[in-house]
Amino acid sequence: RRLATAHDDQSIRMWDVRTGTQLASWPDQESKTVSMAFSPDGTRLACSVAGGHALVWEFTPNGQRPTAAVTLVGPGCNGRLSAPAVSPDDAWVALGYGEEGQVVIWDARSRCVVRVLQGHGAFVRSVVFSPDGSRLATGSEDGSVRLWDPVSGDELLVLRGHEGFIHTVTFSPDG
């Protein structure tokens, strides 16, 4: 029952949501964190960082302070990243990466890029795994939503019809 917050002072803080007590605070590395997502088991905190890279803080189970930070490096990026998504089985971290509309999927354990999805024509603002992890939905400034098979990288469906940017996408609990 923890909550992580990122602050303008380039710090990250961990809170106990039952008591409101600050459990820990640590300096952000290099630049300001702009969005975060916990892994389902709570042992990783994936962050999109201003300046164009992703960072994963690693915790011991039920840990309050990180034990390590790992920078995820993908193909050349111009500095824009979407909010990260962590797969339900904690196997992958995915995020929109750069103005070209790429989505990069990293192996959460090896920290290697396993897949680069291409199909959007502009920045991907939102990335989310389905509740069972079998699909990845992405929403872009090109006005499209795409469904992908994260294992094969196959594009399964393209949804069009919006007049402008797609700001966010989410699955219902039944996927």
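Expected output is a single nm value to one decimal: the length gained when fully extending between residue 24 and residue 7, i.e. 0.36 nm times separation in residues minus the C-alpha distance. What is it? The partial results should precede the final answer.
Details: separation 17, 0.36 × 17 = 6.12 nm, distance 1.33 nm.
Contour length minus the Cα-Cα distance gives 4.8 nm.
Here the stretch 1-155 is assigned +1 on the Cβ of each Lys and Arg and -1 on the Cβ of each Asp and Glu. Its dipole about the Cα centre then comes out at about 440 debye. Highest mean packing first, where packing is the average number of other Cβ atoms within 10 Å per residue, the peptides 6-15, 164-173, 90-99 line up as 90-99, 6-15, 164-173. Shown is the FRET efficiency for residue 167 and residue 41, computed with R0 = 30 Å from the Cβ-Cβ distance and rounded to the nearest 0.05: 0.60. Backbone amide hydrogens, once placed in the peptide plane, bring residue 28 within less than 5 Å of 11, 12, excluding anything fewer than 5 places away on its chain.
Quickly rank 124-134, 153-163, 45-55 as a protection proxy: mean count of other C-beta atoms within 10 Å, highest first.
Values: 124-134: 19.5, 153-163: 11.2, 45-55: 21.1.
The densest-packed peptide leads the list: 45-55, 124-134, 153-163.
For the stretch 67-175, the solvent-accessible area works out to 46 Å² per residue, with a probe of 1.4 Å and every protein chain left in place.
Summarising the amide proton neighbourhood of residue 126: residues at separation of 5 or more, or on other chains, whose placed amide H is nearer than 5 Å comprise 139.
Can you give the percent of C-alpha pairs in the stretch 1-54 whose distance is more than 18 Å? More than 18 Å apart: 31 percent of the Cα pairs in the stretch 1-54. A value for Cα extents along the principal axes in Å was derived from the coordinates, and within the list [x] 40, 35, 32; [y] 45, 35, 32; [z] 33, 32, 29 it appears as [y].
Explain nothing, just the number: relative contact order of the stretch 70-148, from Cα pairs under 8 Å at least 6 residues apart, as a whole percent.
On the way: 184 pairs, mean separation 19.3, N = 79.
Answer for the stretch 70-148 is 24 percent.
The values are calculated or read from the model by the stated rules, or taken from the named source; none is laboratory data. Treat the numbers as computed from the prediction; the structure is a model and nothing was measured. In this analysis, Cβ positions are derived from the backbone assuming ideal geometry, glycine residues included, and neighbour counts consider all displayed protein chains. SASA here: full protein model, heavy atoms, side chains in, ligands and nucleic acids out. Shrake-Rupley method; radii C 1.70, N 1.55, O 1.52, S 1.80 Å.
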